[in-house]
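Below: one structure, written as structure tokens.
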Amino acid sequence: MPAMDTTTPPIGTLLRDWRTRRGRSQMDLALETGVSTRHLSYVENGRARPSAEMVLRLAEQLEVPLRDQNALLLAAGFAPRFGQRGLDEPEMAPVRAALERVLAGHEPYPALVVDRHWGLVAANAALGVLTAGVAPELLEPPVNVLRLSLHPGGLAPRILNLPEWRGHLLDTLARQAVSSGDPALAALREELAALPGGEVHGDAADVAAAEIAVPLRVLAPDGVTPLSFVSTRTTFGTATDVTAAELSIESFFPADAATAEHLRAV
């Protein structure tokens with residue numbers, strides 16, 4: 001059995017934090033996982049030690065990411081359950097092949113793959129319509145696509161609806177930071193919120209509702225032709241590897257016929 005890491009909070013504290021983050025009561029969580037409310041209370045206050053199976057059952061119900069499920073297991077004194085391989089390792093060849101097929105199949109429209117902190121992992125050739133003319137230092141690895149989008153030296157000067165797009169991205173990032181408890185996402189949002197780009201119009205509820213289809217309206221690299229996109233996100237919902245589970249495919253679709261025609265032409 002691996003040694004307990006005394007530098008991290010105990011398992012009960014971590015589980016309580018995740019339950020609170022998800023807005024769940026002890027009774028609700030206990031009923032949905034088949035655990036008695038008393039036992040769950042004992043686990044959270046350190047009077048009982050959960051089994052590995054119980055940790056995973058609670059984590060699944062709380063939608064805890066695989067990386068954090070491993071952390072929960074370690075805090076409870078068990079070995080991590082989910083592997084984490086580099087994307088370039090041989091075992092990840094099927095994942096790489098799937099990503100390449102999706103990216104290539106989406107052309108002539110832009111698509112890219114990002115990690116959990118919005119770092120650029122891969123992209124298709126059509127992404128050039130969005131990255132043309134940006135400051136070279138913003139394209140030096142590691143590239144953060146949100147910084148690339150909102151930075152004055154990035155795409156921001158070409159975005160026609162910058163306040164709306166900026167508000168959408170900041171709202172998305174804020175909710176991700178809260179739901180994941182990841183301080184790196186909170187720090188990224190703070191950094192991006194300090195960039196110029198106009199005030200967010202409407203309250204948070206308005207912005208969240210608009211997430212159904214917030215358009216990205218941007219000038220083409222020629223600086224004249226207006227383009228309009230809507231985007232979708234695809235994840236590996238059944239991934240059992242931490243790296244694969246944290247990847248997202250961001251696909252941009254033309255929001256009007258003129259944009260589609262322009263991209264097919266170039």
Placing each pseudo-label 7 Å from Cα in the direction of the beta carbon, ARG49 and SER25 end up separated by a distance in nanometres of 3.2
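Of all DSSP beta bridges located in the chain, what percent are antiparallel, nearest 5?
Values: 20 of 21 bridges.
Close to 95 percent.
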Report the residue, chosen from ARG47, ARG217, ARG175, that carries the largest GNM mean-square fluctuation when the chain is represented by alpha-carbon nodes joined by springs under 10 Å.
ARG47
Cα lying deepest toward the dipole's positive end in the chain, options LEU112, LEU127, ALA220, charges on Cβ
LEU112
Going from the alpha-carbon gyration tensor of the range 103-163, what semi-axes, largest first and in whole Å, does one get by taking the root of 5 times each eigenvalue?
18, 15, 11
For the range 11-75, shape from the Cα gyration tensor axes a ≥ b ≥ c, cut at a/c of 1.5 then a/b versus b/c, turns out rounded
In Å³ and rounded to a whole number, note down the convex hull volume per residue for the Cα atoms of the chain.
154
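Kindly put MET92, MET54, MET27 in sequence by how many other C-beta atoms sit within 10 Å of each C-beta, fewest to most.
Working: MET92 16, MET54 20, MET27 11.
Taking fewest neighbouring Cβ atoms as first place, the list is MET27, MET92, MET54.
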If one builds a Gaussian network model of the chain from Cα atoms under 10 Å apart, the most fluctuating residue listed among ALA174, ALA132, ALA97 is ALA97
Taking K and R as +1 and D and E as -1, what net charge do the other residues with C-beta under 15 Å from the C-beta of ARG47 add up to?
+2
Taking the Cα atoms of the range 44-154, report the difference between the largest and smallest coordinate on each principal axis, in whole Å and largest first.
59, 33, 23
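Computed from the coordinates by the stated procedures, all read-outs in this text should not be read as laboratory data. Quantities reported herein were computed from a predicted structural model and do not represent experimental measurements. When we count neighbours, we look across all protein chains shown, and the Cβ atoms used for this are built from the backbone with ideal geometry, even at glycine.
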